[in-house]
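The structure appears below as C-alpha cells.
What follows is calculated from the coordinates using simple rules that are stated; it is not laboratory data. Please read all numbers here as calculations on a predicted model, not as lab measurements. Because the Cβ atoms are built from the backbone with ideal geometry, glycine has one as well, and the counts that use them run over all protein chains shown.
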Amino acid sequence: MLKSERLVLRDFESHDGAAMLAVESDQETVRYQSFEPRTAGDCDTYIARDLRGRGDDRTCFDLAVTLAENGRFVGRVGLDIKLPEASLGELWFILDRSLWGQGLMPEAVRLLVTFGFQEKGLHRVFLECDPRNRGAIRLAEKLGFVREGQLRAHAFIKGESCDSLFFGVLATEW
Ligand SMILES: CC(C)(COP(=O)(O)OP(=O)(O)OC[C@H]1O[C@@H](n2cnc3c(N)ncnc32)[C@H](O)[C@@H]1OP(=O)(O)O)[C@@H](O)C(=O)NCCC(=O)NCCS
C-alpha cells in the first residue's frame, strides 16, 4: 500500500470489478488505449488474472487508485518490471474522467515511480503514449519525464495504425 495526501494505492480486491467498469467503460477515457471500452466481464477477468499473478517473485504492480478520504476506487496505475536484470519499468495509468485536471494521477504516478526506484532498485521508468494524448503527455512533462522519441506506426489503436511517443526518467534524475 502506498499513500499520499489525497490517495491510497492498493492491490486490487475481488469486488473492484464494478468500480473499474465505471472508469474503463467510458469511450473517451480509453480513446488512446489499445483496448476497447471494457465490459463487466472484461473487468472481472482482468482482476481475477491479477489476483492469480501475485507471488513473492512479483514483477508487475498494477494498483487500484483510491481516494484517501473515502476509499473510492477512481483508477489504476501500474508499473511492470520488464527486464529485472536491466532494472527497467514500464508505467501506465487511467483515471475516472470526472476527476481529470486535479493533479490526482501525477500524485499517484509520483508514489509508484518512487517505489520503483527506491524499493525495487529500478534504473529507468518509461511510458508509451499516443502523440495525440495531451493529458498523458502533460502528466509526463510535469513529472520531469524526458520526451525520448516517436516511433512511426508502432501501435494499433481503435482500428488505425498510430505512432507511439516514448517518455523516460532515470533514477538519477528522479
Ligand atoms: C492522462 C490522465 C491520467 C491524466 O490524469 P490527471 O489526474 O487528469 O492529470 P492532470 O490533472 O495533471 O492533468 C493533465 C492534463 O490533462 C489534461 N486535462 C485536464 N483536465 C481535462 C479534461 N477535463 N478533459 C481533457 N483533458 C484534460 C490537461 O492537458 C492537463 O494538463 P494541464 O494541467 O497542463 O492543463 C487522465 O487524463 C486519463 O486517465 N486519461 C485517459 C487514460 C490515458 O490516456 N492514460 C494514459 C495512457 S498512455
Virtual spin-label span in nm between R134 and T172, 7 Å along Cα→Cβ
3.6 nm
Straight-line reach from K120: which lysines have a Cα under 19 Å away, not including same-chain ones fewer than 8 places off?
K3, K82
So how far, in whole Å, is the C-alpha centre of segment 11-90 from the one of segment 102-174?
16 Å
If I model a spin label at K82 and K158 as a point 7 Å from the Cα along the Cα→Cβ vector, what separation in nanometres do I get?
2.5 nm
Label point at C60 placed 7 Å out along Cα→Cβ; residues across segment 90-114 whose backbone nitrogen lies under 15 Å
90-93
Please pull out the direction-averaged projected area of the chain, using the convex hull of its alpha-carbon atoms, in nm² to one decimal place.
9.9 nm²
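Which of the GluC sites (Glu not before Pro) across segment 103-174 are loop residues per DSSP, with 12 or fewer other Cβ within 10 Å?
Those that pass, being in a loop and sparsely packed, are E119.
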Which distance in nm do the two modelled labels at E28 and H15 give, with both placed 7 Å along the Cα-to-Cβ direction?
3.0 nm
Excluding S4 itself, what net charge comes from residues whose Cβ is under 14 Å from its Cβ, given Lys and Arg +1 and Asp and Glu -1?
+1
